[in-house]
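Notes for the one structure printed next.
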Amino acid sequence: MTTIRNADLHCHSVVSDGTLTPEALAERAARNGVELWALTDHDEIGGQARAASAAHQQGMKYLTGVEISITFIGKTVHIVGLGFDADDARLRQGLIQTRGGRGQRAHEMSDGLAKVGIPDAYAGALTYAGNHDLISRTHFARFLVETGVCRDTNEVFRKYLTEGKPGYVEHRWASLKDAVAWITQAGGVAVVAHPARYKFSANEEYALFTEFKTHGGQAIEVVTGSHSPAEYITYADSAREFGMAASRGSDFHSPDESHTDLGTLPLLPSGLTPVWELLESRIQ
Ligand code: AMP
Ligand code: MN
Ligand code: MN
Ligand code: MN
């Protein structure tokens, strides 16, 4: 397994907020030279069987994947799980619970948008959701672009869907402790996704990594589509400092929206333990 270099262990399909099917993602990943792949839909593992089978058809190795939404010190953080048993009952129950509040939240987002003159956003967003249990801000963003309210999804997030904006709704996701436990008890490894995205202070970030490790978390995403090259170095240092393994993943969502394609990021910096070395027995 030490021969694997081009691993892409973070992306999204129509099962959450991506625009491609698991099969189309697998084809794209293989075309870009990915050797080991994981589909990591938000709060949902319904695409895992299709993804594993498509990976094998494309000659890639596969790790099961998920990206769990959690609330940590009042902020939303994402924890990626890799290499778990997708049939594990506690993990499945935890994900059902995590997805549970999305419908109500989406109605409240829609109410907020209606108040600023954007009607029917719930119904509109739903037409973009491949999985109605997983309606997300991304689906609202696509609807607002399609209806001409904004030029691109970035503008939608900036003007409407982030804290303090009309379509933003406070939400309580899973706890850090629970998410890590669901993943590790199912035989997987928990990874802090794109740490630079949270804009934590040094103290807050220290608390996140420390508590994550205490609960059994083992890796940090170092090379991701959400990080700059300077941030690869910052978080490579964090991985060494906290004695954690490192992960790599594009966080690809869509050919039209994502600036980082599957399998095209720089390789992990040297001197780090790639997360897949902790998962040799879980690779399919
Ligand atoms: P949700 O889980 O419903 O809160 O939606 C979060 C998703 O929105 C993330 O996984 C990203 O795909 C997307 N997202 C968050 N912030 C932005 C942004 N500034 N621009 C574009 N997409 C974003
Ligand atoms: Mn997303
Ligand atoms: Mn994320
Ligand atoms: Mn993601």
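The values are calculated or read from the model by the stated rules, or taken from the named source; none is laboratory data. What you see is a predicted model; the values in this text were computed from it and never measured. A quick note on method: Cβ atoms are made from the backbone with ideal geometry, for glycine too, and the neighbour counts reach across all protein chains shown. Only protein heavy atoms, including side chains, enter the accessible area calculation; ligands, DNA and RNA are left aside. Shrake-Rupley method; radii C 1.70, N 1.55, O 1.52, S 1.80 Å.
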request  = Those residues that are crowded, with 18+ Cβ neighbours inside 10 Å and outside any helix (DSSP H, G or I), I need them from region 196-210; list them, please.
outcome  = Phe200
ask   = Mind checking whether some residue in region 136-155 is in a loop (DSSP other than H, G, I, E, B), in contact (Cβ under 8 Å) with a residue 60 or more places away in the chain and either within 16 Å of ligand 3 (Cβ to nearest atom) or in contact with a Phe, Trp or Tyr (Cβ under 9 Å, 6 or more places away or on another chain) (or both)?
value = yes
inquiry  = Given (1) open to solvent by less than 70 Å² (accessible area, probe 1.4 Å); (2) in a loop (DSSP other than H, G, I, E, B), identify the lone condition not met by Ala246.
reply    = (2)
note = (1) in the same structural domain as Pro229 (by TED's automatic domain parsing); (2) more than 19 Å from Gly81 (Cα to Cα) all hold for Gly188 apart from (2)
task = Return yes or no: is Ser226 in a strand (DSSP E or B), within 19 Å of the chain's Cα centre (by Cα) and closer than 26 Å to Ala186 by Cβ?
result = no
Meets criteria (crowded, with 21+ Cβ neighbours inside 10 Å, touching a residue at least 60 places away in the same chain (Cβ under 8 Å) and within 16 Å of ligand 1 (Cβ to nearest atom)) for Ala193 = yes
remark   = Among the residues of region 211-227, the number that are open to solvent by 30 Å² or more (accessible area, probe 1.4 Å), within 14 Å of ligand 4 (Cβ to nearest atom) and closer than 16 Å to Val66 by Cβ is 0
inquiry  = Residues that are touching a helix residue (DSSP H, G or I) at 6+ places or on another chain (Cβ under 9 Å), more than 16 Å from ligand 4 (Cβ to nearest atom) and of a type in the set (S, T, N, Q): does region 73-89 have at least one?
reply    = no
inquiry  = For Pro22, only one of the following conditions fails: (1) more than 25 Å from Pro269 (Cβ to Cβ); (2) crowded, with 23+ Cβ neighbours inside 10 Å; (3) more than 16 Å from ligand 4 (Cβ to nearest atom). What is its number?
reply    = (3)
Subset of region 55-93 (residues that are of a type in the set (A, V, I, L, M) and in a strand (DSSP E or B)) = Val66, Ile68, Ile70, Val77, Ile79, Val80, Leu82
task = Collect the residues in region 114-128 that are within 22 Å of Lys165 (Cα to Cα) and part of a loop (DSSP other than H, G, I, E, B), keeping them in residue-number order.
result = Val116, Gly117, Ile118, Pro119, Asp120, Tyr128
key: Residue selected from region 2-19 under the condition touching a Pro at 6+ places or on another chain (Cβ under 9 Å) and within 26 Å of Ile220 (Cβ to Cβ), by the criterion farthest from ligand 4 (Cβ to nearest atom)   = Thr2
task = Might you let me know whether region 176-192 holds any residue that is within 14 Å of ligand 3 (Cβ to nearest atom), of a type in the set (Gly, Ala, Ser) and under 22 Å from Arg102 (Cα atoms)?
result = yes
query = If you go through region 8-30 one residue at a time, do you hit one that is among the aliphatic types (A, V, I, L, M) and under 15 Å from Gly188 (Cβ atoms)?
reply = yes
key: Of the criteria (1) touching a Gly at 6+ places or on another chain (Cβ under 6 Å); (2) surrounded by fewer than 19 Cβ atoms within 10 Å (Cβ to Cβ), which one Arg50 fails   = (1)
request  = Test Gly148 against the stated conditions and say whether it is surrounded by fewer than 19 Cβ atoms within 10 Å (Cβ to Cβ) and either within 22 Å of the chain's Cα centre (by Cα) or outside the structural domain of His259 (by TED's automatic domain parsing) (or both).
outcome  = yes
inquiry  = Take the conditions at positive phi and touching a residue at least 40 places away in the same chain (Cβ under 8 Å) and apply them to Asp256. Does it pass?
reply    = no
ask   = Being surrounded by fewer than 20 Cβ atoms within 10 Å (Cβ to Cβ), closer than 25 Å to Pro166 by Cβ and away from ligand 1 (no atom under 14 Å from the Cβ), is that true of even one residue in region 89-111?
value = yes
request  = Scan region 4-19 for residues that are within 14 Å of ligand 1 (Cβ to nearest atom) and either under 21 Å from Leu267 (Cβ atoms) or at pLDDT below 95 (or both) and jot them down.
outcome  = His10, Cys11
